[in-house]
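Encoded as structure tokens, the structure appears first; notes follow it.
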Amino acid sequence: MRKTVSLLLAALLLQFASPALAADTSLRLITSPLPVALRVEPGKSVQTILRVQNGGSALEHIKVGVLKFKAYKDTGQPQLMDPEKGDDFLNWAHFSESTFALDANEWKNVTVTFDVPSTAALGYYYAITFSRDGVATVDTTKQQLNGSTAVLILLDVLVPGAVRRAEIASFSTDHSFYEFLPTTFNVTLHNTGNVFVAPRGNIFLEKNGQKDLGILEVNPEQGNILPDSNRAFTAPWNDGFPHYEDLVQDGKVAHQTNGDVQVTLKWNFADASKLRMGHYTATLVMSYDDGTKDVPLEAKVSFWVIPWRLLVGLGLALALILVGLWSIVRRVRSAVQKRKA
């Protein structure tokens, strides 16, 4: 009897202990705002307020740190890096609080002050990190944070000699021929200056003089491009009848065995007037602020949309109709001739 009671108690303890053992203890921090761009004169200070929220279910002890970053290839993603010898600019950052406790769902405002020396010039790039106090924050071999989050700050020190300049490195489509939309436009911009710039603009679609068949945005979030680096953007044009869409199964995008996304052809007959066919021209119009005015950039690309299977099907249907009409006409003529005879 005692053995049976002991086993029951053990089972109950395991039942109630399991949720505690399985509790999610991962750090869940939410930060705001998005990347911050600041401008300051040499020898002066500038401040900004960062907000962080504990999205977890338990009290967290948070520390604030500072790293530097650079552009990771042309993805627009940052590559976080540990301080190196000579990175004295990281010491310009001071925080209203460098450690603090944060309850579940609580927001915290942290003021960051940059005391910029008179010898400073051009651009400096900070990653302000929030992590658990006493926990390592970054794995630079993977260009990502472990158990923390970061807010990027781009600090522009206003001095003579600053050059804000960008150019279109490439503008293309993913194919030159399409049966149906979408057409994906690939835009690569290059910063040829010595401070960051944030170009933005639109792609305008036309065909045979018909303008503004479609207007697409490029870099609507005004993502920055760091000096001597590229940044790639994509813009899809799928406003056609019919057009391909990603296949969604059980709430997830389906993939083929080779990893490619599966697509399905969507027929919305309310958009039948948007049947795309012929030779199209896309004009990319971008602009950026060079410090005194907006500088325009422009490029063009053309492509074909030929819904050949649809045309073949319509051709066959038309041929069958013509054959049927011809057969009817022959029968009518034959009947008339017989009556005359």
| task | Exactly one condition in (1) open to solvent by less than 60 Å² (accessible area, probe 1.4 Å); (2) in contact with an Asp or Glu (Cβ under 7 Å, 6 or more places away or on another chain); (3) not charged (D, E, K, R) is not met by THR99; state its number. | result | (1)
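Okay, residues lined up against (1) surrounded by fewer than 17 Cβ atoms within 10 Å (Cβ to Cβ); (2) touching an Asp or Glu at 6+ places or on another chain (Cβ under 7 Å); (3) in contact (Cβ under 8 Å) with a residue 40 or more places away in the chain:
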{"residue": "ILE203", "(1), (2), (3)": "no, no, yes"}
{"residue": "GLN256", "(1), (2), (3)": "yes, no, no"}
{"residue": "VAL263", "(1), (2), (3)": "yes, yes, no"}
{"residue": "LEU275", "(1), (2), (3)": "yes, no, no"}
{"residue": "LEU284", "(1), (2), (3)": "no, yes, yes"}
| message | Could you check region 243-260 and list, in sequence order, the residues that are under 18 Å from THR184 (Cα atoms) and modelled with pLDDT of 90 or more? | response | HIS243, TYR244, GLU245, ASP246, LEU247
| query | Looking at LEU122, is it free of Cβ contacts under 8 Å to residues at least 60 places away in the same chain and more than 12 Å from GLN53 (Cα to Cα)? | reply | no
| task | Would you point out the residue of region 5-34, among those that are surrounded by fewer than 17 Cβ atoms within 10 Å (Cβ to Cβ) and in a loop (DSSP other than H, G, I, E, B), that is modelled with the highest pLDDT? | result | ARG28
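The values are calculated or read from the model by the stated rules, or taken from the named source; none is laboratory data. Please read these numbers as outputs of a predicted model, since none were measured by experiment. Every residue, glycine among them, receives a Cβ derived from its backbone with ideal geometry; neighbour counts consider all protein chains shown. What goes into the accessible areas is simple: the full protein's heavy atoms, side chains included, and nothing from ligands, DNA or RNA. Shrake-Rupley method; radii C 1.70, N 1.55, O 1.52, S 1.80 Å.
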